[in-house]
Each structure stands twice: as structure tokens, then as C-alpha cells.
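Accompanying notes for the structure given below.
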Amino acid sequence: MRERDSIITTTLSFLLLLSFPTFSYGVVPPRTLLNKLSQGSFLSNQELWFNNQTLDHFSPYDHRQFRQRYYEFLSYFRIPDGPIFFIIGGEGPCNGIVNDYIGVLAKKFGAAMVTLEHRYYGKSSPFNSLETENLKYLSSKQALFDLAVFRQYYQESLNTKLNRSKIENPWFIFGGSYAGALSAWFRLKFPHLTCGSLASSAVVHAIYNYIEYDQQIGESLGSECKAILQETTQNIEHKLATNGKELKASFNADDLEMDGDFMYLVADAAAAAIQYGNPDKVCKPMVEAKKAREDLVDAYAKFVKEYFLGTSGVNVQTYDQEYLKKTAINEDSSTRLWWFQVCTEVAFFQVAPSNDSVRSSKIDTKYHLDLCKNVFGEGIFPDIDATNLYYGGTKIAGSKIIFANGSQDPWRHASKLTSSDDINMPSYTITCDNCAHCTDIRGCPQSPLVLEGNEKNCSSPDAVHKVRQQISEHMDLWLSECQAGKNYM
């Protein structure tokens with residue numbers, strides 16, 4: 001494909017819709033749930049465009065550019081010196097600024113809100129085709145520079161609108177899950193561009209074989225439900241060996257020819273219920289089925305179809321490796337894109353532990369490596385050592401970064417769980433039965449979205465409220481230091 005066909009370029013437009021009277025951040029999914037969690041509950045979903053984003057920030061010779069979608073919400077903005085809350089888009093389409101707890105904080109602090117869609121995802125693709133060669137600019141390092149360049153552009157555009165120059169509003173960065181890691185890494189790499197960062201469920205430590213994911217799922221299920229799901233997995237594996245075609249049809253998963261792909265779908269369905277604060281969605285029907293001596297496989301298939309494929313809207317095809325090979329941009333492209341980042345940067349292979357696992361042993365290291373090779377070609381391998389060397393993993397040497405995790409979140413073991421108070425880097429764990437992925441921002445459950453991230457449905461609302469209070473106090477201090485003209489560092 002020629003460059004003029006593959007690169008989407010446009011002329012610069014400086015129009016900012018700053019009508020002062022009047023986000024989706026990504027979450028690392030069990031595998032592909034992505035950003036179906038926030039649809040229809042936006043503070044703003046009016047698309048704006050940054051037309052001059054650099055394709056390759058690390059080449060002095062490549063001057064190609066692409067368009068990046070963003071959104072802003074200014075109803076709470078205290079003109080002219082209020083802070084700017086920068087919400088990082090993650091591994092999925094960003095269709096607006098979500099009405100979660102960040103909006104509550106924006107109202108409290110008189111902040112403008114702006115969110116930038118991650119390169120390649122949604123409508124921000126530099127290329128018209130997602131073939132492997134075109135994905136070489138998809139990385140967290142490139143994404144961080146996107147954020148820095150856009151931050152400068154937006155501040156200058158705001159200054160132009162307010163008829164001033166060389167003025168800096170105090171900025172604060174937000175992100176959840178992978179975008180939470182980006183939030184921490186942005187503060188690490190560009191401390192002069194932000195007063196601080198909230199890194200919610202931030203997966204800052206790249207892990208090759210992430211067995212802790214399944215182990216946490218088992219712990220969060222509780223002993224009774226865990227044992228039932230382990231029995232169910234064994235029964236599914238037996239039926240898969242004897243009559244796989246009929247079994248897959250009972251899950252509406254006829255398209256999944258590879259048994260490993262099917263078992264990944266089976267594992268993710270239960271994981272999603274735990275990860276997003278809905279343990280009863282899987283445990284209640286399965287415990288009832290066990291007590292009634294009903295067929296556990298049938299009961300689980302019903303749960304998968306109603307909750308995972310129905311309520312959560314997951315497309316079965318996104319588990320099909322042949323489907324993941326498709327390079328045409330479509331509504332499911334995020335799955336291919338995130339797998340590329342998994343296969344090149346962060347791994348997080350959600351393999352079954354060697355014993356006492358909930359998921360099938362078919363989901364092993366070989367399955368993941370074969371997927372990377374099958375979908376993207378030879379030579380694709382996650383260099384987690386390089387990733388952790390570059391960012392520091394859990395030894396990240398940043399400052400003014402708040403880490404927050406939910407006690408039931410299977411991703412928390414890839415985050416920073418201990419505070420480094422000497423350099424203003426606190427870490428909080430919100431402990432409750434349904435406090436999982438990004439609870440500090442989304443409340444309970446984490447999916448579907450609870451407006452303003454209300455904590456009333458958390459099993460311990462006080463635990464959520466307490467951590468949020470601590471987050472607010474850190475933000476207040478760090479923003480005050482910026483506004484007083486103190487060094488960002």
C-alpha cells in the first residue's frame with residue numbers, strides 16, 4: 001500500500017469548541033470486553049480532531065502525521081485558571097467523556113476535562129489497513145509522546161481562545177488499567193507536563209506468564225463457587241473431547257474451530273463477572289444448578305450466552321484466531337490491536353496455573369505464543385524485560401502518582417501495591433466483595449457503568465469513600481503546589 005493511500009492526513013484546524021456555559025479510558029479486559037462498559041453515559045460525545053499528530057516520534061526523518069480524535073467537557077471549568085483533567089484513552093474506541101467519578105472530581109476542582117483516543121484504536125488509526133507491518137508504530141512509548149504533543153497543543157489552543165500566551169493551567173492525568181499504566185508512565189516520563197497522576201488499576205508491571213490472574217479469580221469466587229467452576233471446566237473439557245461441535249453450538253460458539261480459542265472464551269466469561277464487580281452473575285446460577293443437580297455445563301452455557309455474549313455484548317468471533325487476522329478496520333479491530341500490544345510489549349499471558357486452576361490447562365504458554373505467530377507472523381514476541389527496564393515495573397521511580405486497586409481485581413498483581421511515601425507515590429487497595437477493576441473511578445459494579453461512579457452498591461461503600469477522600473486530598477495538595485508556582489517535580 002502506498003504511503004498516500006495508507007496515511008490519513010488532513011489540514012490543521014484550531015477550532016476549539018470552548019462554549020464555557022456549556023472517555024472512555026481503556027480497561028485491560030479478561031480478553032476482549034474492552035470499552036463496551038460505558039456506552040450511552042457521557043458528559044460529552046462531540047468529536048473533535050487533532051490533525052497533526054506525529055506518526056513516529058522517534059525518527060528525525062519520518063514526518064508523517066495522522067488525525068487523532070478527542071473530546072472535551074468544559075461545563076465545570078473555572079475560567080481562566082482552573083485545572084485541566086486529562087483522561088487517557090486506552091485499548092478501545094473512545095466515544096466520549098464518561099460520566100464517572102472523574103466528573104465528580106472535575107466539578108469539585110473546577111476542572112476542564114479532555115480525553116484523547118489512543119493511536120490506532122477507534123477512529124484514530126494512522127493507516128487504512130491493520131496489517132502487521134503497519135502496526136509497528138503501535139506501542140506505549142509512541143502513545144506517551146502522543147499525549148505530550150497533544151497536551152501542548154491543547155494548552156496553546158486554550159490560550160489562544162482566552163487571548164493570552166505562555167500561560168500554563170495545572171494539569172492532572174487520569175487513566176484506568178492499561179491507560180492507568182500510561183497515566184503513571186506519563187508522570188514518570190513527562191513530570192514537567194502534569195501536577196500528578198491517578199493510576200487506577202494500573203498494570204505497570206509486564207508479566208510473561210500471568211498465573212496470578214487465574215489465582216485471583218479463584219480466590220474472588222470463594223471456595224464453593226470456585227470448586228463448582230473447576231468441576232464445570234473439567235466437564236466442558238470432557239465434552240469437548242467427545243462431542244466438541246455440539247458443545248460449542250450450545251455456547252453459540254460454533255465459529256471457534258480451535259479448542260484453545262473456545263476454552264479461552266469459557267474462561268473469560270467467568271473472569272469478566274469477577275473483574276467488573278459482578279460475582280453473583282456467575283456464582284448464583286452455578287451454585288443453584290449444583291444444588292439442584294442440574295447439568296453444570298448447560299447452566300454455564302446459559303450464563304455465557306446471557307451475561308457475556310448478551311449483557312456485555314462480546315462478539316464470539318473476537319476469540320477466533322482466523323478472525324483476528326483480518327486487517328480491515330471494523331468495530332472489532334481493537335481486539336487485534338490489543339493482541340499486538342500483548343504479543344510485543346506486555347504479554348500478560350493469562351495461563352492456567354500448574355495446579356488448582358479455574359481455567360483450562362489448554363490455555364498455556366504455547367497457546368499464546370502460537371496465537372501471536374499465527375495472527376501476526378514470525379518474529380513477534382513480547383519483550384517484557386525491555387518494557388520493565390524502560391518503565392521500572394513495580395519499582396517505578398516516579399513521584400506524585402496515586403495507585404488505586406480493588407481487592408478482587410485479577411489485574412492488581414500487575415500493579416504497584418505498596419506505597420512509596422518518601423516520593424509522594426501512595427498506593428491504596430479498596431477492600432470489599434465486589435471492589436475490582438477501577439473501583440475508585442467507576443464505583444460498583446464496574447460494569448455496567450454506575451453514573452458518577454457511585455459507591456452505594458459496593459459491599460463496603462465506606463472503604464471506597466475513604467480511598468476517594470485520600471485521592472482528593474493528594475490532588476488538592478499537588479494542584480495547589482502547581483498553582484502556587486512551585487516546581488511540577
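The values are calculated or read from the model by the stated rules, or taken from the named source; none is laboratory data. Predicted, not measured: the structure shown is a model, and the values here were computed from it. All Cβ positions, glycine included, derive from the backbone under ideal geometry; neighbour counts span all protein chains shown.
Figure legend. Inter-residue proximity from the stretch 383-410: first residues on the phi > 0 side of the Ramachandran plot, second residues assigned to a helix (DSSP H, G or I) and buried (at least 17 other Cβ atoms within 10 Å of the Cβ), beta-carbon distance below 6 Å, spacing 6+ or different chains. Indicated pairs: Lys400/Trp478. Taking Ser220, is it under 22 Å from the mean Cα position of the chain (by Cα), on the phi > 0 side of the Ramachandran plot and crowded, with 18+ Cβ neighbours inside 10 Å? Criteria not met by Ser220. Out of curiosity, is Asp332 over 30 Å from Gly453 (Cβ atoms), not aromatic (Phe, Trp, Tyr) and not assigned by TED's automatic domain parsing to the domain that holds Ala181? Against the criterion (over 30 Å from Gly453 (Cβ atoms), not aromatic (Phe, Trp, Tyr) and not assigned by TED's automatic domain parsing to the domain that holds Ala181), Asp332 does not qualify. Can you name the residue in the stretch 390-405 that is of a type outside the set (Gly, Ala, Ser) and crowded, with 19+ Cβ neighbours inside 10 Å and is also farthest from Trp185 (Cα to Cα) among such residues? Only one residue fits best here, namely Asn405.
Pairing residues of the stretch 264-279 that are outside the structural domain of Phe348 (by TED's automatic domain parsing) with residues that are in a loop (DSSP other than H, G, I, E, B), at Cβ distances under 7 Å and at least 6 apart in sequence or on separate chains, gives no pairs at all. Are there any pairs, at least 6 apart or on different chains, whose C-beta atoms fall under 8 Å, with the first in the stretch 235-250 and of a type in the set (Ser, Thr, Tyr) and the second modelled with pLDDT of 95 or more, and if so, which? Partner pairs satisfying both residue conditions: Ser250/Val297; Ser250/Asp298; Ser250/Ala301. Among the residues of the stretch 5-12, not a single one is modelled with pLDDT of 95 or more, in contact with a strand residue (DSSP E or B) (Cβ under 9 Å, 6 or more places away or on another chain) and not charged (D, E, K, R). Checked against (1) at pLDDT 95 or above; (2) surrounded by fewer than 20 Cβ atoms within 10 Å (Cβ to Cβ); (3) in a loop (DSSP other than H, G, I, E, B), Glu331 meets all criteria but (1). Within the stretch 158-180, which residues are surrounded by fewer than 19 Cβ atoms within 10 Å (Cβ to Cβ) and part of a helix (DSSP H, G or I)? Correct list: Asn159, Thr160, Lys161. Only a single item in (1) in a loop (DSSP other than H, G, I, E, B); (2) basic (Lys, Arg); (3) closer than 20 Å to Lys248 by Cβ is not met by Arg293, and it is number (3).
Among residues of the stretch 146-159 that are farther than 19 Å from Arg78 by Cα and in the same structural domain as Arg78 (by TED's automatic domain parsing), those with a Cβ under 9 angstrom from a residue that is assigned to a helix (DSSP H, G or I) and not hydroxyl-bearing (Ser, Thr, Tyr), sequence gap 6+ or separate chain, pair up as Leu147/Leu182; Leu147/Phe186; Leu147/Leu193; Ala148/Phe186; Ala148/Lys189; Ala148/Leu193; Gln152/Leu193.
Screening Ala199 with (1) more than 30 Å from Gln230 (Cα to Cα); (2) among the aliphatic types (A, V, I, L, M); (3) surrounded by fewer than 20 Cβ atoms within 10 Å (Cβ to Cβ) gives one miss only, at (3).
For (1) at pLDDT below 95; (2) surrounded by fewer than 18 Cβ atoms within 10 Å (Cβ to Cβ); (3) aliphatic (A, V, I, L, M), each residue gets a yes or a no:
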{"residue": "Ser407", "(1), (2), (3)": "no, no, no"}
{"residue": "Leu417", "(1), (2), (3)": "no, yes, yes"}
{"residue": "Gly443", "(1), (2), (3)": "no, no, no"}
{"residue": "Pro461", "(1), (2), (3)": "no, yes, no"}
{"residue": "Lys466", "(1), (2), (3)": "no, yes, no"}
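Counting only strands (runs of 3 or more DSSP E) that fall entirely inside the stretch 35-123 and contain at least 3 residues that are at positive phi and buried (at least 21 other Cβ atoms within 10 Å of the Cβ), no element qualifies. Being part of a helix (DSSP H, G or I), within 29 Å of Ser360 (Cα to Cα) and of a type in the set (A, V, I, L, M, F, W, C) is a property that does not hold for Leu188. Can you find a residue in the stretch 452-464 that is under 19 Å from the mean Cα position of the chain (by Cα), outside any loop (DSSP other than H, G, I, E, B) and either over 28 Å from Glu345 (Cβ atoms) or not assigned by TED's automatic domain parsing to the domain that holds Gln275 (or both)? Looking for residues that are under 19 Å from the mean Cα position of the chain (by Cα), outside any loop (DSSP other than H, G, I, E, B) and either over 28 Å from Glu345 (Cβ atoms) or not assigned by TED's automatic domain parsing to the domain that holds Gln275 (or both), one finds at least one in the stretch 452-464, hence yes. Residues that are surrounded by fewer than 22 Cβ atoms within 10 Å (Cβ to Cβ), within 22 Å of the chain's Cα centre (by Cα), farther than 17 Å from Cys225 by Cβ and outside the structural domain of Cys435 (by TED's automatic domain parsing) occur in the stretch 302-310; there is at least one. Could you go through the stretch 334-353 and let me know if any residue there is among the small types (Gly, Ala, Ser) and under 19 Å from Ile211 (Cα atoms). Yes.
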